[in-house]
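Below you'll find the structure, written out as structure tokens, and then a few comments.
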Amino acid sequence: MREFEMNKCFVKNSTGVLKKVLLCPPDYMKLQPINVIAEKWIKENNELSIKNCIREHKDLIKAYEENGVEVVLMEPDKNMTNQVFARDFGACIREGYILGKFKEPIRREETEAYRKKLEELGVPCVAKVTKGFFEGGDFWFLDDNTLAIGVVARTDEAGIQDIREQIGEYGYSIIPVKCPKENLHLDMCFNIVEEKLAVVCKQALPDSFIKILEERKFSLIEITQEEVFKLHCNLQALGNGRVISLKSNTEVNNKLRTYGINVIELELNEILKNGGGPHCMTFPLERI
């Protein structure tokens, strides 16, 4: 085990060059009725093809490696059927990482597994949520010192306050963003793809937050509520004008290209049935 790299900058924003990520293969993934997308497929008596899930995940790994991103893999556990969505156990900031607290009981075993992995990787834990709930899919940097945290289905005000109290010494300010619960996480209806460029579902976001984005001179690419459930907002920025998106996300991808963005398209149809996309599957370890 390496000693903690206390002077290292881990993740400083949402759009810098992504250097290193943590992923978990979907070897034991199973549809669970804990979000509206998975519930839809369960009602249709759909079963996941694990073979296709594994193939799609390997394509994601390949896309990262071809773009200079180091990929670290978790060892999947048969008891953790949603572990592929590595984003959700916490969030990484400059000083280290925030260990979250899962709301859904079926995901709580993941916390200790990921905590051990971050310790092994030498990433210090700078905050641990014990009051309320917090999941990483709700976490965004608006700039280097301003954090937007969703209050949707899995994160609450108590969890945000717990984070605020623990990382206040580092100079961060936090903006809570309340959205309808069916959106699950903030990254389902809001995504920063490049500095001052975001994909948003205005129907799902509060007017006050849209106003903040406009005041900060963000350009906004809009999607509908229906597209939220197709994961059209769940993109992954790589920095330097590169974004991982879904091949099926045609309209958004075309609009991104008009802004000069290099869109890396992946087919992730099977994994999406469980309610998460490229952003959900990715925990950033280093972004400069």
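The values are calculated or read from the model by the stated rules, or taken from the named source; none is laboratory data. Because the structure is a prediction, the values reported are computed rather than measured. Backbone-built Cβ (ideal geometry, glycine too); neighbour counts: all protein chains shown. Each accessible area value is taken on the protein alone, full model and side chains, heavy atoms only, with ligands, DNA and RNA left out. Shrake-Rupley method; radii C 1.70, N 1.55, O 1.52, S 1.80 Å.
Relative contact order of segment 55-104, taken over Cα pairs closer than 8 Å and 6 or more residues apart, is 18 percent. Any idea what % of Cα-Cα pairs in segment 1-79 are farther than 22 Å? So the portion of pairs separated by more than 22 Å is 46 percent. For the chain, the relative contact order is 26 percent, taking Cα pairs closer than 8 Å that sit 6 or more residues apart in sequence and dividing their mean separation by the residue count. Sorting 202, 128 by solvent-accessible area of protein heavy atoms yields 128, 202, largest first, with a 1.4 Å probe. The charge dipole of segment 189-278, taken about its Cα centre with unit charges on the Cβ of Lys, Arg, Asp and Glu (plus for the first two, minus for the last two), comes to roughly 160 debye. Excluding ligands, DNA and RNA, the accessible surface per residue across the chain is 42 Å² with a 1.4 Å probe.
Any idea what % of Cα-Cα pairs in segment 190-288 are farther than 18 Å? Of the Cα pairs, 45 percent sit more than 18 Å apart. Residue 244 sits with roughly 0 Å² accessible to a 1.4 Å probe, with DNA, RNA and ligands left out of the calculation.
Taking every Cα-Cα distance in segment 124-252 and sorting them into 10 Å bins starting at zero, the pair-distance distribution P(r) comes out as 13, 44, 34, 9, 0 percent. Per-residue ellipticity at 222 nm from helix content only, as computed over the chain with -39500 (n - 2.57) for each DSSP H run of at least four residues, stands at -7500 deg cm²/dmol. The residue among 183, 159, 212 whose Cα reaches farthest toward the positive pole of the charge dipole of segment 72-217, with charges on the beta-carbon of Lys, Arg, Asp and Glu, is 183.
Rounded to the nearest 10 square angstrom, residue 70 shows an accessible area of 100 square angstrom against a 1.4 Å probe. Taking all protein chains as shown and a probe of 1.4 angstrom, residue 146 keeps an accessible surface of around 10 Å². Using θ = phi - 60° in the Karplus curve 6.51 cos²θ - 1.76 cosθ + 1.60, the 3J(HN,Hα) couplings for segment 168-183 round to x, 5, 8, x, 7, 10, 10, 10, x, 10, 8, 9, x, 4, 5, 7 Hz; x is entered for Gly and Pro. Listed values [x] 13; [y] 40; [z] 47 include one computed from this model; for percent of Cα pairs over 33 Å apart that value carries the label [x].
Sorting 286, 44 by accessible area puts them as 44, 286; the probe is 1.4 Å, largest comes first, and only protein heavy atoms count.
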